[in-house]
Amino acid sequence: MRAGLLCLFEDELYANFLPLTYIRPVFDLRCGIQLIREKLTKRFAEGPTVLFCRRELENSMKEKTGYTVNCIEGGSSALFVNGRALFDEPISPEGDQEAGVRGGTVVYARLTGQNARHVTPEMCLNGEFFSYIEERGVRIIKCKTRCIEYPWNLVEFNGSQIEYDYRAYGQSGSEVYEGAHLLNRERISIGKGSVIKPGTVIDAGNGPVCIDEDVTIYPLSFIEGPAYIGRGTLIKAGAKIYGGTSIGELCKVGGEVEKSIIHSYSNKQHDGYIGLSYVGSWCNLGAGTSTSDLKNNYGTIRMRIRNRVVDTGRMFLGAVVGDHTKTGINTILNTGSVIGIMVNIFGSQLPPKYIPSFCWASEAGLKEYRLDKAVEVANRVMKRRAKEVTPALAKLFETIFTQTEKERQTV
């Protein structure tokens, strides 16, 4: 049986990735060169693609992707793929009905049209998908494919995912100025329209470096592989980008960044250190903003996930910063910090390790950020990049504001 359509789905562990998954499904997180969704559709889509996600994300995802969302029509067979999956083993969309499972997690499932059309997003989100395929006699096999479970998995797997994704790249046609130094040139991909200015050192000795189209790298910058620099991004003079880092499209980045992911449309233009961290979209990190990624006692780092504190088992881990968040000059984020969406941090004191969404954080404590003001600022910021807060996105912000109201009252 050849799958007629590809369905990417979220399961119940999307909540482990909040606040990063407030405005996007888990499969729209970046790990490596591409979003997980981009990897999976490139690998498996042979026909139409359908996205299964939370209902509040439905309209914004339709706007963003143009795909059918939360609806399987007709009697076509389908290949369901978990949006947390980072495939490092081959699977084929042919054969009898089959589900690949790892540790109780459905990684993928090939279903006939009769069985596929009864699958719903809620079934996947409520942890009922496994029971459904068991009841229908689908053959279940053990699967070795890794599925991310926590935000720090995105960071720790990012370097190997850059290596994996790089195989699909290799375009060139850029302007490399005399005086720029490209070490292990055969493992450096530079997209059309990109400019590498004098004094820049790009070192692919420890992994490939993929520089997308229309990137500008100012003089005296250093980029170490494995690394990805997204389309239209500007790397400021003297920047130090160390291995395991992915920077999305249309960002402005300076200072020091190590083993981190900066999603898209975000700025960290000035000095300061961002290490082993994930920064969402439309963020602005003020001059001198830095993350701590190592405790003074060299112990393992704890991070708040949902409503519990989890020992990550990692000695090195920075911060998770939600979308549309801004930090003032010289902000310091502690190890294992989790910062919600639409947060403003300023002042001279160390902010709390957990800050709920829609908050102002200062020495005076936390104060709620009015929804209308937050959306107004977001729209102003987005218009600078020829984007806007659409009605669907505005409604999503309203939903998130309501969902996080109790957190702001209890912290």
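Going residue by residue through region 121-142, is there one that turns out to be outside the structural domain of Arg302 (by TED's automatic domain parsing), in a strand (DSSP E or B) and crowded, with 21+ Cβ neighbours inside 10 Å?
no
Find the residue count for region 332-385, including only residues that are under 16 Å from Ser290 (Cα atoms), among the polar types (S, T, N, Q), surrounded by fewer than 21 Cβ atoms within 10 Å (Cβ to Cβ) and modelled with pLDDT of 95 or more.
Qualifying residue count, region 332-385: 2.
In the list Tyr242, Tyr228, Tyr273, which residue meets the criterion of being out of contact with any His (no Cβ under 6 Å at 6 or more places or on another chain) and either touching a residue at least 24 places away in the same chain (Cβ under 8 Å) or not assigned by TED's automatic domain parsing to the domain that holds Gly159 (or both)?
Matching residue, one of Tyr242, Tyr228, Tyr273: Tyr228.
Is it true that some residue in region 168-180 is within 22 Å of the chain's Cα centre (by Cα), part of a helix (DSSP H, G or I), modelled with pLDDT under 95 and assigned by TED's automatic domain parsing to the domain that holds Ile217?
no
Would it be correct to say that Gly104 is surrounded by fewer than 21 Cβ atoms within 10 Å (Cβ to Cβ), modelled with pLDDT under 90 and either at positive phi or assigned by TED's automatic domain parsing to the domain that holds Val338 (or both)?
Taking the combined requirement at face value, the residue satisfies it.
Determine whether region 309-326 contains at least one residue that is in the same structural domain as Ser260 (by TED's automatic domain parsing), surrounded by fewer than 16 Cβ atoms within 10 Å (Cβ to Cβ), out of contact with any Ser or Thr (no Cβ under 8 Å at 6 or more places or on another chain) and not polar (S, T, N, Q).
Checked region 309-326: at least one residue is in the same structural domain as Ser260 (by TED's automatic domain parsing), surrounded by fewer than 16 Cβ atoms within 10 Å (Cβ to Cβ), out of contact with any Ser or Thr (no Cβ under 8 Å at 6 or more places or on another chain) and not polar (S, T, N, Q).
Pick from Asn59, Asn115: which is in contact with a Lys or Arg (Cβ under 6 Å, 6 or more places away or on another chain) and either under 18 Å from Arg24 (Cα atoms) or not hydrophobic (A, V, I, L, M, F, W, C) (or both)?
Selected residue: Asn115, the only one of Asn59, Asn115 that is in contact with a Lys or Arg (Cβ under 6 Å, 6 or more places away or on another chain) and either under 18 Å from Arg24 (Cα atoms) or not hydrophobic (A, V, I, L, M, F, W, C) (or both).
I'd like the full set of residues that are modelled with pLDDT under 95, within 18 Å of Tyr242 (Cβ to Cβ) and under 25 Å from the mean Cα position of the chain (by Cα), limited to region 181-206.
Arg187, Ile188
Under 6 Å between Cβ atoms, which residue pairs at least 6 apart in sequence (or on different chains) link something in region 174-187 that is without any contact (Cβ under 8 Å) to a residue 60 or more places away in the chain with a partner that is of a type in the set (Lys, Arg) and outside any strand (DSSP E or B)?
Final answer for the pair search is Tyr177/Lys197.
Would you be able to say whether some residue in region 18-29 is of a type in the set (A, V, I, L, M, F, W, C), in contact with a strand residue (DSSP E or B) (Cβ under 8 Å, 6 or more places away or on another chain), outside any loop (DSSP other than H, G, I, E, B) and free of Cβ contacts under 8 Å to residues at least 60 places away in the same chain?
For region 18-29, residues of a type in the set (A, V, I, L, M, F, W, C), in contact with a strand residue (DSSP E or B) (Cβ under 8 Å, 6 or more places away or on another chain), outside any loop (DSSP other than H, G, I, E, B) and free of Cβ contacts under 8 Å to residues at least 60 places away in the same chain: present.
Residues checked against (1) modelled with pLDDT of 95 or more; (2) in contact with a Gly (Cβ under 8 Å, 6 or more places away or on another chain); (3) outside any strand (DSSP E or B):
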site: Gly47; (1), (2), (3): no, yes, yes
site: Asn59; (1), (2), (3): yes, no, yes
site: Gly75; (1), (2), (3): no, yes, yes
site: Leu79; (1), (2), (3): no, no, no
site: Pro93; (1), (2), (3): no, no, yes
site: Asp96; (1), (2), (3): no, no, yes
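Checking the conditions here, which among Glu363, Glu405 is among the charged types (D, E, K, R) and out of contact with any Ser or Thr (no Cβ under 9 Å at 6 or more places or on another chain)?
Of the residues listed, the single one that is among the charged types (D, E, K, R) and out of contact with any Ser or Thr (no Cβ under 9 Å at 6 or more places or on another chain) is Glu405.
Restrict the check to region 349-365 and report whether at least one residue is closer than 27 Å to Val310 by Cα, of a type in the set (Ser, Thr, Tyr) and assigned to a loop (DSSP other than H, G, I, E, B).
yes
In this structure, does Leu8 turn out to be under 21 Å from Gln161 (Cβ atoms) and part of a strand (DSSP E or B)?
yes
Within region 61-72, take every residue that is in a loop (DSSP other than H, G, I, E, B) and free of Cβ contacts under 8 Å to residues at least 40 places away in the same chain and give me the one that is surrounded by the fewest Cβ atoms within 10 Å (Cβ to Cβ).
Gly66
So in region 204-230, with the set limited to residues that are part of a loop (DSSP other than H, G, I, E, B) and hydroxyl-bearing (Ser, Thr, Tyr), which one is farthest from Tyr164 (Cα to Cα)?
This residue is Tyr218.
In region 185-201, what residues are in a loop (DSSP other than H, G, I, E, B) and closer than 22 Å to Glu249 by Cβ?
Within region 185-201, Gly191, Lys192, Gly193, Ser194, Lys197, Thr200 qualify.
How many of the residues in region 222-240 are among the aliphatic types (A, V, I, L, M) and within 18 Å of the chain's Cα centre (by Cα)?
Looking only at that region, the number is 2.
The values are calculated or read from the model by the stated rules, or taken from the named source; none is laboratory data. Treat the numbers as computed from the prediction; the structure is a model and nothing was measured. Every residue, glycine among them, receives a Cβ derived from its backbone with ideal geometry; neighbour counts consider all protein chains shown.
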